[in-house]
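Chemist: Structure provided below as C-alpha cells; questions to follow.
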Amino acid sequence: MGQIYKALTIAGSDSGGGAGIQADLKTFQMLEVYGMSAITAVTSQNTLGVNGIYDIPLEGIEGQINSVVSDIGVDAVKTGMLSQPAVIELVAEQVIKHKITKLVVDPVMIAKGGASLLADNAQDALRSRLLPLASVVTPNIPEAEVITGMQITSIHDMKEAALRIVQQFGAGAAVVKGGHSSGEPTDVLYDGEQFHLLTASRYETRHTHGTGCTFSAAITAELAKGSSLFDAVQTAKRFITLAIRYELGIGGGHGPTNHWAYWRHGNMKESMES
Ligand SMILES: Nc1ncnc2c1ncn2[C@@H]1O[C@H](COP(=O)(O)OP(=O)(O)OP(=O)(O)O)[C@@H](O)[C@H]1O
Ligand SMILES: Cc1ncc(COP(=O)(O)O)c(N)n1
C-alpha cells in the first residue's frame, strides 16, 4: 500500500453531506489521504438550509482530537465550523500541545443559506488565537472583510486582505477565494513572499454548497502528502473547479459539489479549459 498519509478535520457535521466534516472526509478519500474527524457541532441541514445546530461539549471535542493524535497521528489538520470562542481557544491549545505544524484554517462564518456558524463574539478569538497558528487561512471575500475590517471589491483589495492576514494577524499564508466576486472566480494566494492568482472558468450553478470546505480539505490533503503550498492550492483549485463543473443536481436548494469529479474527469486535459 505504500505510505499512508493522514489528515484530521476539526469541523461541524452537515447531515446533508455536502459541506463540513462530510465534504472534508470525501475530499481526503478522493485524494488518497486517510481522513479522521473531530466534530465540533452537529447540524441538521440539507440543501435548503440549516435547521438546527447542536454544539458538542468541549471535553468531547478535546477527547476526539487526543484520541486520534495520540494513536494514529496526523500529517495535516484543517479547521472548519468552530461555532464558539471556547472551541477556538480549545483548538488553539490542542494545536500547540500536539505540535501541529501543517494547519489549514477555513474561517467558516455564515452558511450559503444565511445561517450563522460562528458566534459574533468569536471573531476576536479567531484573529488572535487561531490565525497565528495557521499555515494557511482560506477566507471567502465576506470572511476576509470581517477578519481585516476592509471592504473588498477588486483583485487589488483581495491581495491587500491576504497580505494583512499574513503580516498583521500572523498566518503563514492566505488564500482569499473569489467565488463571491462577479466574473471569473479568481483566488488570490499570498504565500508570505509573493502573490499568485489562480483562475478558472465560472460555472453558473446553484450547486455550490460546501465549495469552501472542499477546497480547504483538498489543500490539507495535499499538504499531508508533502506537497508545497503552491502545488497544494493548485490541486485544490482543480479539484473544486471539476466538483462544481460536474454538479450532481441533488436537492431542491444549494446542492453539494461532486467529490467524484476529480477522480472521474481530473485526468482529462481539456476538463479545466473548456
Ligand atoms: N460558480 C463557480 N464556478 C467555478 N468556481 C467557483 C464557483 N464558485 C466558487 N468557486 C471556487 O470555489 C472555491 C470556493 O470559493 P467560495 O468563495 O465559494 O468559498 P466559500 O464561500 O467559502 O464556500 P462555501 O461557504 O460554500 O463553503 C474557490 O476556488 C472559488 O474560486
Ligand atoms: C457544518 C458546516 N460547515 C460549513 C458549512 C459552510 O458551507 P456553505 O457556506 O456552503 O453552506 C456548512 N454549511 N455547514
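Chemist: Antiparallel DSSP bridges in segment 25-183: what percent, to the nearest 5?
Modeler: 45 percent
Chemist: How large is the helix-only mean residue ellipticity at 222 nm for the chain, computed as the sum of -39500 (n - 2.57) over DSSP H runs with n ≥ 4, divided by its residue count, in deg cm²/dmol to the nearest 500?
Modeler: About -10500 deg cm²/dmol.
Chemist: I would also like to ask the following. Work out, in µm²/s and without decimals, the Stokes-Einstein translational diffusion coefficient of segment 1-141 at 4 °C, 1.567 mPa s, Rh from Kirkwood over C-alpha pairs.
Modeler: 86 µm²/s
Chemist: Please express the Cα-Cα pair-distance distribution P(r) of segment 201-242 as a list of whole percents, one per 10 Å bin, running from 0 to the bin with the greatest distance.
Modeler: 31, 49, 18, 2
Chemist: Name the shape class, rounded, prolate or oblate, that the alpha-carbon gyration tensor gives for segment 109-233, where a ≥ b ≥ c are the square roots of its eigenvalues, rounded holds for a/c under 1.5, and otherwise prolate holds if a/b is larger than b/c and oblate otherwise.
Modeler: Rounded is the answer for segment 109-233, as its axis ratio a/c remains below 1.5.
Chemist: For each of ARG245, ARG206, count neighbouring Cβ atoms within 10 Å of the residue's Cβ, then give the residues from fewest to most.
Modeler: Fewest-to-most ranking of ARG245, ARG206: ARG206, ARG245.
Chemist: Additional query: Would you mind ranking PHE169, PHE195, PHE239 so that the residue whose beta carbon has the fewest other beta carbons within 10 Å leads the list?
Modeler: PHE195, PHE169, PHE239
Chemist: Calculate log10 I(q)/I(0) of the chain for q = 0.16 Å⁻¹, where I(q) comes from the Debye formula with a single equal point scatterer on each Cα and nothing for solvent.
Modeler: -1.26
Chemist: Using Cβ counts within 10 Å as a stand-in for footprinting exposure, how do HIS180, HIS254, HIS265, HIS156 rank, fewest first?
Modeler: If I rank by nearby Cβ atoms, fewest first, I get HIS156, HIS180, HIS265, HIS254.
Chemist: In addition: So what's the Cα pair-distance distribution over segment 1-65, bin width 5 Å, in %?
Modeler: Taking every Cα pair in segment 1-65, the percentages come to 4, 19, 23, 21, 16, 10, 4, 2, 1.
Chemist: Total Lys pairs in the chain closer than 18 Å by alpha-carbon, pairs eight or more apart in sequence or interchain only?
Modeler: 22
Any read-out appearing in this document is the output of simple, stated calculations on the displayed coordinates, not a laboratory observation. The structure presented is a predicted model; accordingly, all values stated were derived computationally and were not measured. Note: ideal-geometry Cβ built from the backbone for every residue, glycine included; neighbour counts use all protein chains shown.
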